[in-house]
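Student: Sharing a structure here in structure tokens format.
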Amino acid sequence: MASELKHSQVMALPNHPSLHAHDYRQVVIGLQGQTEFELSGRGSLVGPGQGCLVSESELHSFSGVGQNEILVINLPAPVLVGELGMKDRMDRLFDRDAYFQLDSQAQTLVKALTTEMIANPHDEMLGRACADTLLCVMERHFRDQIAPRRHGHRLNMDIIDLYIRKHISRKISVAQLAGSVFLAESQFHQLFKTQTGVTPHQYVLKKRFEMAQELLCNSQLNLAQISDSCGFASQSGFTSAFTRYFGISPSRFRQQH
């Protein structure tokens, strides 16, 4: 992603996609906005506190989504040779899934160190020290979460449900749900249907109806407000869909409950 290789750098990705591979490992951490990566056929959106691990010679595509900023840590092989302790840490780090989410403590450290890098962009020693610190913290952070890269796994429905709950007043795409658990859309759709027995669209619609029932029973919002809060395009569309789903209109449901 850069013509002159540095140990670490803060940069923005252009909004047009690029594709390449390099003979060194790379760690990418989102700082602001969103970027899109595809590693060996698996795509994901990377936002603040999220990131990905790019192995050496791994063909990958990347692009920015609007305004964005990422931290890139480059790990050229010559640097790792002779530093067996750090090399072992990196081997363990790269033995996990390619996409990751940092906890709040790690994100605070990322923010502090990147502030130093930005303030001193030509201090290569500082950049190396900050990069090594982050890598050590990440390896410890993931030590109990090591998983084979890109192997099948069960979806974390708690994360998916939280994403739906936070965005239920808006349109929610399958790509967005897939991004919340760092999977390509096609892989996510297949795993989701296998695990839940319904499509992502059907699942989100069910959650909208559950929220509507909750608001009908426990709030003073009118039908138009409930329709908007649950992400329906119009009150009439909400009433029609609710009636088809439950066999009773929202107004009648409210009266009975």
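Student: Please give the length that would be gained between Val65 and Arg154 if that part of the chain were fully extended, namely 0.36 nm times their separation in residues minus their C-alpha to C-alpha distance (nm, one decimal). Walk me through the numbers before you get to the answer.
Tutor: Details: separation 89, 0.36 × 89 = 32.04 nm, distance 2.83 nm.
Roughly 29.2 nm would be gained on extension.
Student: Which order, highest average first, do 204-216, 238-250 follow once you tally other Cβ atoms within 10 Å for each residue and take the mean per peptide?
Tutor: 204-216, 238-250
Student: Please report how far the C-alpha centroid of the stretch 22-62 lies from that of the stretch 217-257, rounded to the nearest whole angstrom.
Tutor: Result: 42 Å between the Cα centres.
Student: Straight distance only, please: which lysines reach the Cα of Lys87 with their own Cα at less than 30 Å, same-chain residues fewer than 8 apart left out?
Tutor: Of all the lysines, those that pass the test against Lys87 - Cα under 30 Å, at least 8 places apart if same chain - are Lys6, Lys111.
Student: Ok, one more. Between Met125 and His201, what length in nm is gained on full extension when 0.36 nm per residue of separation is reduced by their alpha carbon distance? Write out the running numbers ahead of the final one.
Tutor: On the way: separation 76, 0.36 × 76 = 27.36 nm, distance 5.00 nm.
Stretched fully, the Met125-His201 segment lengthens by 22.4 nm.
Student: What nm distance separates the two modelled labels at Tyr24 and Thr115, each placed 7 Å from Cα along Cα→Cβ?
Tutor: 2.8 nm
Student: Then there's this: In the set (1) 17.9, 52; (2) 22.3, 74; (3) 22.0, 85, which value of Rg and Dmax of the Cα atoms in Å was calculated from the structure you see?
Tutor: Of the listed options (1) 17.9, 52; (2) 22.3, 74; (3) 22.0, 85, (2) comes from this structure.
None of the figures in this text is laboratory data; all of them are computed from the coordinates on show. Quick caveat: nothing in here was measured; it's all calculated off a predicted structure. Counting neighbours? That spans all protein chains shown, and the Cβs are built from the backbone with ideal geometry, glycine included.
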